[in-house]
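So the structure is just underneath, and the comments pick up after that.
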């Protein structure tokens, strides 16, 4: 009898551990992006070039926390007259689990005029913790289940099926950045057609909801147009500022999972 009881306990423990592993490593279907994707953008203030941005998915798998990951780099820099006023050279890097579409590590290097910051965050999803390190200091934060960084949150949104999301619905993604936890909120506005340098194409209209601040004109100051196809890459962004507006347009692309359709 004791042997039977011990056997049942052992089996229960094994099943519990297996369930927790399955729960940790969720599987998110991804038909939107893959290795080798590269998209470049032009940011302008009216007719004046203000900055440029680049989003790159490395061509090979990177192992982090013993998990296969996409290594994704996002670069941003000011150009022209804006580079003389506010010189920016920023890099954000996320290592995103290829099946769970969750970050295992996030790196940021910020250079804005004389300001410098370099920080690495490692995510322990099995313990719902984020460990951030800069210079010789590190701090551990308790975070919600399935937490994202600002880069992985964007890539996770690309995997969503917007045919199952109603117009006006707000999508919330738990996000950790700079030692704070907040919900990235995006309102799905509907479908549209826009014109780009490559031609016209069908898009999904999204409205990232921005907290009140002195720079932007209200919560709905940012508008985002992404391709209405499997890729769901941003084609255009417009931000209404207190004075004027900034726009970001796609400049080049390659390595997409599916060809963009222009007409």
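The values are calculated or read from the model by the stated rules, or taken from the named source; none is laboratory data. Worth saying up front: this structure is predicted, and the values here are computed from it rather than measured. Heads up, the Cβs are rebuilt from the backbone with ideal geometry, glycines too, and the neighbour counts pull from every protein chain shown.
A few points about this structure:
- Of the residues examined, residue 113 is not one that is under 28 Å from residue 226 (Cβ atoms) and out of contact with any helix residue (DSSP H, G or I) (no Cβ under 8 Å at 6 or more places or on another chain).
- Of all the criteria given as (1) free of Cβ contacts under 8 Å to residues at least 60 places away in the same chain; (2) surrounded by 14 or more Cβ atoms within 10 Å (Cβ to Cβ); (3) within 26 Å of residue 96 (Cβ to Cβ), the one not satisfied by residue 146 is (1).
- Test: residue in the range 191-204 that is closer than 27 Å to residue 141 by Cα and touching a residue at least 24 places away in the same chain (Cβ under 8 Å): no
- Evaluation of residue 161 against the conditions (1) loosely packed, with under 13 Cβ neighbours inside 10 Å; (2) touching a helix residue (DSSP H, G or I) at 6+ places or on another chain (Cβ under 7 Å) shows that the sole unmet condition is (2).
- Scanning the range 147-206 for residues that are assigned to a strand (DSSP E or B) and either under 23 Å from residue 219 (Cα atoms) or touching a strand residue (DSSP E or B) at 6+ places or on another chain (Cβ under 9 Å) (or both) yields a total of 33.
- Being surrounded by fewer than 16 Cβ atoms within 10 Å (Cβ to Cβ), under 21 Å from residue 52 (Cβ atoms) and over 16 Å from the mean Cα position of the chain (by Cα) holds for only one residue in 263, 198, and it is 198.
- A count restricted to the range 245-263 and to residues that are in contact (Cβ under 8 Å) with a residue 12 or more places away in the chain and more than 23 Å from residue 44 (Cβ to Cβ) stands at 6.
- Qualifying residue in the range 112-134 (condition: under 30 Å from residue 258 (Cα atoms), in contact with a strand residue (DSSP E or B) (Cβ under 9 Å, 6 or more places away or on another chain) and surrounded by 15 or more Cβ atoms within 10 Å (Cβ to Cβ)): no
- Qualifying residues in the range 128-145 (those that are under 22 Å from the mean Cα position of the chain (by Cα) and assigned to a loop (DSSP other than H, G, I, E, B)) - the one nearest to residue 178 (Cα to Cα): 143
- Residue within the range 32-44 that is out of contact with any strand residue (DSSP E or B) (no Cβ under 8 Å at 6 or more places or on another chain) and modelled with pLDDT of 95 or more present: yes
- When the range 207-244 is filtered for residues that are surrounded by fewer than 19 Cβ atoms within 10 Å (Cβ to Cβ), touching a residue at least 40 places away in the same chain (Cβ under 8 Å) and part of a strand (DSSP E or B), only 236 remains.
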